[in-house]
Every structure is written in C-alpha cells, then in structure tokens.
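Undergrad: Handing you a structure now.
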Amino acid sequence: MAAFHNAAAAQSQSQMETYRLDIGAGVGMSGYLGDANSGNPFSHPGVGLNASLRYLANTRWAFRGILTAASLSGSTKDMSNVLPGGAAYDFKSWVYDLGARAEFNFFNYGLGKEYQQMSRFSPYLSLGIGVTMASVEGDTFTAATLPMGVGVKYKLQPRVNLGLEFTMTKVFGDHIDGKDLSDIYLIKSSFLKNTDWYSTLMISLSYEFGERCVTCHRID
C-alpha cells in the first residue's frame, strides 16, 4: 500500500509541474499587401519561417520573443489599377523581423490542476512590436513593425505544444517591395499612410523547460 501511495503521489506531483519557458519553431506561408497587391495577401504565396522563445507568465499570459523570415512577392499586373503608360511593376524580396509579443489565452492552457479548469486547447490573441529588415534586389531597408495575430494551441504532451497562427504585420515604411515601387500612385508615404503589410500563416511545435515548481507542500 505504501508503494502504491508513493507512486500515486509522484504521479500527482508530476501532473502539477509547470514550466517557465517554451522554445519553438514554425513553418508556413507568407503574403504581402502594398503597392503591388491590394487584395488577397496570399495571391503570391511565399515561405515563412520562425523561431521563438516564450516566457510563460501563467496559464493565460505569455510573452514571446520571435525571429521571422519570409519571402514576399507581388505584381501590379494582377491589379485593376492601370499605371501611366501601361507600365507594370513586380518584385521579390525577403524580410527578417525581430520582435516581442504578448499573448493572451482564452482558456487556462495546460494539463492537470483540475481545480483550475485547465484546458489542453486554447485560442489566443497576440500583439507586439518589432523591427523588419527587407532585402530587395541588393538594397536593404529597415522599419518598425506592429504584428497582430490570432491562433490556436494544443498540448500534445505535458511539455510539447502544437500551434497554428495567422499574423498580419503592419510595416511603418513603404520599401519592403523595393524603392522602385514607392509612391507609384503618386501618394506620398508617411509613418502611418501608404505603408506596406505582410502576413504569415504558420504551424509550429514548441517544447517547455525550466520547472517552475516541483514540490507540493500540501498532503491530503
């Protein structure tokens, strides 16, 4: 009986363990909105990659540092607007974004702790700040960014998470599609006006580490 009780207690304690950090990586699709595409952001799909580190504040809030790389492309040939002289412009670029985001889970995300009504599945929202560097035809540009995301996460194992996230990133600049596409409609850009956007749809895996608490001080 003693051995059975100790095993049950150890299992209960294992279920109570939580972790402070989460490291992960994702892959998916990227898209662009700007002077060379004003409609569907995924009309010219590219490749998106990311790596991230989360601080798990509690079951509802997390804070995430994330590095994203995405290939972007667009063409005015697909648009209804006709440029002077029938000119057409297109581009291909890579953007690299380093940012920090806050995430809010709609449910208490995790396993165990039934008294807290934990859920192994939760939708979430994210909002952050960042800086993007774009590389277009040998030129580079940098600008501040505002990423806004919505996603779902699912706990495959106590320390392994599967995620799906869609993010729209506002770029406070008009050069991720190249300097030749700036102001092609004679609308001057500013910090907020006539700027570019890019989007990503990513699936990710992450692993939690850094035990928060491994000792239970209550004995029933």
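The values are calculated or read from the model by the stated rules, or taken from the named source; none is laboratory data. Given the structure is predicted, the values throughout are model-derived calculations rather than measurements. Neighbour counts run over all protein chains shown; Cβ positions are idealised from the backbone, glycine included. Calculation scope for accessible area: heavy atoms of the full protein, side chains included, ligands and nucleic acids excluded. Shrake-Rupley method; radii C 1.70, N 1.55, O 1.52, S 1.80 Å.
Undergrad: For ALA88, indicate whether it is open to solvent by less than 80 Å² (accessible area, probe 1.4 Å) and modelled with pLDDT of 95 or more.
TA: Spelling it out, it is not the case that ALA88 is open to solvent by less than 80 Å² (accessible area, probe 1.4 Å) and modelled with pLDDT of 95 or more.
Undergrad: Could you please find all residues in the range 135-148 being open to solvent by 10 Å² or more (accessible area, probe 1.4 Å) and in contact with a Phe, Trp or Tyr (Cβ under 9 Å, 6 or more places away or on another chain)?
TA: Kept after step one, since they are open to solvent by 10 Å² or more (accessible area, probe 1.4 Å), are these residues of the range 135-148: 135, 137-144, 146, 148.
Passing the criteria: SER135, GLU137, ALA143, ALA144, LEU146.
The rows are residues; the columns are (1) at pLDDT below 80; (2) closer than 17 Å to MET202 by Cα.
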{"position": "ILE23", "(1), (2)": "no, yes"}
{"position": "MET29", "(1), (2)": "no, yes"}
{"position": "LYS113", "(1), (2)": "yes, no"}
{"position": "MET118", "(1), (2)": "no, no"}
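Undergrad: Are there any pairs, at least 6 apart or on different chains, whose C-beta atoms fall under 7 Å, with the first in the range 135-164 and touching a residue at least 24 places away in the same chain (Cβ under 8 Å) and part of a strand (DSSP E or B) and the second open to solvent by 70 Å² or more (accessible area, probe 1.4 Å) and basic (Lys, Arg), and if so, which?
TA: Partner pairs satisfying both residue conditions: ASP139/LYS179; TYR154/ARG120; LYS155/ARG120.
Undergrad: If a residue must be at pLDDT 85 or above, open to solvent by 40 Å² or more (accessible area, probe 1.4 Å) and either out of contact with any Ser or Thr (no Cβ under 6 Å at 6 or more places or on another chain) or of a type in the set (D, E, K, R) (or both), how many such residues does the range 35-55 contain?
TA: Residues flagged as at pLDDT 85 or above, open to solvent by 40 Å² or more (accessible area, probe 1.4 Å) and either out of contact with any Ser or Thr (no Cβ under 6 Å at 6 or more places or on another chain) or of a type in the set (D, E, K, R) (or both) within the range 35-55 amount to 5.
Undergrad: Here is a follow-up. Could you check how many residues of the range 165-188 are assigned to a loop (DSSP other than H, G, I, E, B) and either open to solvent by less than 50 Å² (accessible area, probe 1.4 Å) or modelled with pLDDT of 85 or more (or both)?
TA: Here the count works out to 9.
Undergrad: Filter the range 100-134 for residues that are open to solvent by 60 Å² or more (accessible area, probe 1.4 Å), in contact (Cβ under 8 Å) with a residue 24 or more places away in the chain and not in a loop (DSSP other than H, G, I, E, B) and give the result.
TA: PHE104, GLN116, PHE121, LEU125, LEU127, ILE129, VAL131, MET133
Undergrad: Which of the numbered conditions does TRP94 fail, given that it passes all the others? Conditions: (1) modelled with pLDDT under 90; (2) part of a strand (DSSP E or B); (3) open to solvent by 40 Å² or more (accessible area, probe 1.4 Å).
TA: Against the list (1) modelled with pLDDT under 90; (2) part of a strand (DSSP E or B); (3) open to solvent by 40 Å² or more (accessible area, probe 1.4 Å), TRP94 comes up short only on (1).
Undergrad: I would also like to ask the following. Assess whether VAL214 counts as being at pLDDT 95 or above and out of contact with any His (no Cβ under 9 Å at 6 or more places or on another chain).
TA: No: the conditions fail for VAL214.
Undergrad: Taking the range 17-34 only, how many residues are open to solvent by less than 10 Å² (accessible area, probe 1.4 Å) and under 18 Å from LYS92 (Cβ atoms)?
TA: The number of residues fulfilling the criteria is 3.
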